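Before any comments, here is the structure.
A short reminder: the numbers here are calculations on the coordinates, not readings from a lab. None of these values were measured; they are calculated from a predicted model. Quick reminder, even Gly has a Cβ in these numbers, built from the backbone with ideal geometry, and neighbours come from all protein chains shown.
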Amino acid sequence: MNILVYSRTVKKEYESDILTFVDKEYLFKNSDIISIHCPLNKNTYNMVNKDLIDLMKPNGIIINTARGSIINEVDLSTALNHGKIMGAAMDVVSVEPIEDTNPLLTAKNCIITPHMAWSPIESRARMLKICEKNIISFIKGNPINRIK
């Protein structure tokens, strides 16, 4: 698998034989699966819209576990219903709880989960282990996962 990454902050030290930083348009044009992982702010609000979706391959899939309003839901729904892309999986939507009028509810090949992707027991156990490791390291005077 080749991993393409778009980020406002390119970290060249992470690039490798399988991971390459690219611009947004290149990412949407060349990816089979696009997974969204960014905060919602004025730069990312409706960032994924008709213009970017139109660049995608017909077998393209969008996954969003970040924030619902990063994707223009009308544009995504239209693309799905017209077969422009193959599918979408959303753990978030623009208004939660989801409203009956959300166009993704009737979109073809769209899976919507109730904003609980973090919920499985394995995820919670992993979070507790990380928390425990952070606390023990801090107490020992050797903090990890620090924000600088």
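Arrange Cys110, Cys131, Cys38 by Cβ neighbour counts within 10 Å, fewest through most, would you? Let's see the in-between values first.
Details: Cys110 19, Cys131 11, Cys38 15.
Starting with the residue having the fewest Cβ neighbours, the order is Cys131, Cys38, Cys110.
With charges only on Cβ, +1 for K and R and -1 for D and E, what is the dipole size of region 33-117 about its Cα centre, in debye, rounded to 20? Working shown, then result.
Numbers: 6 positive and 8 negative charges, 55 e Å.
Magnitude of the dipole: close to 260 debye.
Run the simple label-point estimate for Glu122 and Ile3 please: 7 Å along Cα→C-beta, distance reported in nm.
1.7 nm
Quick one: if you stick a label point 7 Å off each Cα along the C-beta vector at Ile33 and Ile135, how many nm between them?
Reported label-point gap for Ile33 and Ile135 is 3.4 nm.
Which FRET efficiency, nearest 0.05, do Tyr45 and Thr113 yield, Cβ-Cβ r, R0 22 Å? List each step's numbers first, then the result.
Values: r = 22 Å, r/R0 = 1.00.
My answer for the efficiency is 0.50.
Compute the angle between helix 121-139 and the longest alpha-carbon principal axis of the chain, please, reported from 0 to 90 degrees and rounded to the nearest 10.
Here the helix axis deviates by roughly 40 degrees.
List, in order, the whole-Hz ³J(HN,Hα) value for each residue of region 39-53 obtained from phi through the Karplus relation with A = 6.51, B = -1.76, C = 1.60 and θ = phi - 60°; use x for Gly and Pro.
My calculation for region 39-53 gives x, 8, 8, 4, 7, 9, 4, 6, 4, 8, 9, 3, 4, 6, 4 Hz in order.
Counting only pairs 8 or more places apart or on different chains, how many lysine pairs in the chain have C-alpha atoms closer than 14 Å? Don't skip to the answer; put the middle values down first.
Numbers: Lys24/Lys50; Lys29/Lys50; Lys29/Lys57; Lys29/Lys84; Lys50/Lys84; Lys57/Lys84; Lys84/Lys108.
So the count of such lysine pairs works out to 7.
Can you list which of the GluC sites (Glu not before Pro) found in region 37-132 are DSSP loop residues with at most 13 other C-beta atoms within 10 Å? Display every interim value, and only then the final one.
Details: sites: Glu73, Glu99, Glu122, Glu132; in loops: Glu99.
Passing both the DSSP loop test and the Cβ count: Glu99.
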